[in-house]
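Reading through the structure tokens given below for one structure.
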Amino acid sequence: MHTRETDAIAKYIAGAETVVSELGISIEVGSDFDFFCSIPKLQPDRHAVSPIFDPDESCISASNGFWLIGRNTSGEIVLTQAIKLIPVGEAGFLTHLTRDLADYRPKGDRLDIAKSQVYLTDRAAGLSGDLCYYGELWIKSTYRGSCLTAVMPRLMFAIAIAKWSPNVVFGVMEPLAACKGLAAREGFMHLEQGGLHWWDRVSSEIMEEWLVWTTRDDFIFNMRVSPEMLSNLYPSKIDKKPAKVPNVA
């Protein structure tokens, strides 16, 4: 990346840290995915970590992945998210997903991967090079409706771009969530409607997920909308209690 872009990303990360700190949340970044997978056991309102971030099911370490958690002033974990570097090379995104679809399945053994399908536009199918998969965004109910849904994913994208400079960041989400604007809030510029069709071997029904993605250039362009500007879009429902946030750039 050019020095100007590097400086702009560092400034964006610092701005996001400030917004999060003003909500009384301190940030911790790490790569111990055994620890990360243990977090949902303390949070009964969420599902287990996806296989792609589980070191028992996926090859993930500090060299190709990291997570970010946030703690409130009491030390309680109130948000999580994770990202993994996916080198697709010249094979293309569609080839990768078709070959490694099982990596992106939800936790559990209900799905028949052989009967599941991938549907992408031509542009998405041809994405190549280094990609990043983003997921595991969870925010405690106390903080939902705040700016965190918009600020946290973009903070994660910025850190990943500074670290690996991937061509694309992508993820998956439920269709209704996408239709309610979650893709836009998280900073994704492209939406593959009906991108993943998972075949449920128990009910013989299809569970649909939509694939979302944004390029590195998209993200650089969208940095014009700063974390502070995103924060100002949301009414403040949370008492702001500054927390010390370490530098994660």
Selection count where residues are farther than 18 Å from residue 210 by Cβ and loosely packed, with under 14 Cβ neighbours inside 10 Å, scope segment 114-142: 5
Mind checking which residues of segment 157-202 are outside any strand (DSSP E or B), in contact with a strand residue (DSSP E or B) (Cβ under 6 Å, 6 or more places away or on another chain) and in contact (Cβ under 8 Å) with a residue 40 or more places away in the chain? 157, 160, 164, 166, 167, 201
Note on residue 115: of the conditions (1) under 17 Å from the mean Cα position of the chain (by Cα); (2) in a strand (DSSP E or B), unmet is (1)
The condition of being under 17 Å from the mean Cα position of the chain (by Cα), among the β-branched types (Val, Ile, Thr) and assigned to a helix (DSSP H, G or I) holds, among 149, 80, 98, 142, only for 149
Being at pLDDT 95 or above, farther than 19 Å from residue 64 by Cα, out of contact with any helix residue (DSSP H, G or I) (no Cβ under 6 Å at 6 or more places or on another chain) and of a type in the set (Phe, Trp, Tyr) narrows 188, 170 down to just 188
So which of 105, 99 is surrounded by fewer than 16 Cβ atoms within 10 Å (Cβ to Cβ) and either at pLDDT 95 or above or not aliphatic (A, V, I, L, M) (or both)? 99
Out of 7, 32, 45, which single residue is free of Cβ contacts under 8 Å to residues at least 12 places away in the same chain, surrounded by fewer than 16 Cβ atoms within 10 Å (Cβ to Cβ) and within 28 Å of residue 230 (Cβ to Cβ)? 7
Log entry, pairs with first residue in segment 215-227 being under 12 Å from residue 10 (Cα atoms), second being hydroxyl-bearing (Ser, Thr, Tyr) and part of a helix (DSSP H, G or I), beta carbons closer than 6 Å, six or more apart or on different chains, reads 223/12
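The values are calculated or read from the model by the stated rules, or taken from the named source; none is laboratory data. As the structure is a computational prediction, the values presented were derived from the model and not from experiment. All Cβ positions, glycine included, derive from the backbone under ideal geometry; neighbour counts span all protein chains shown.
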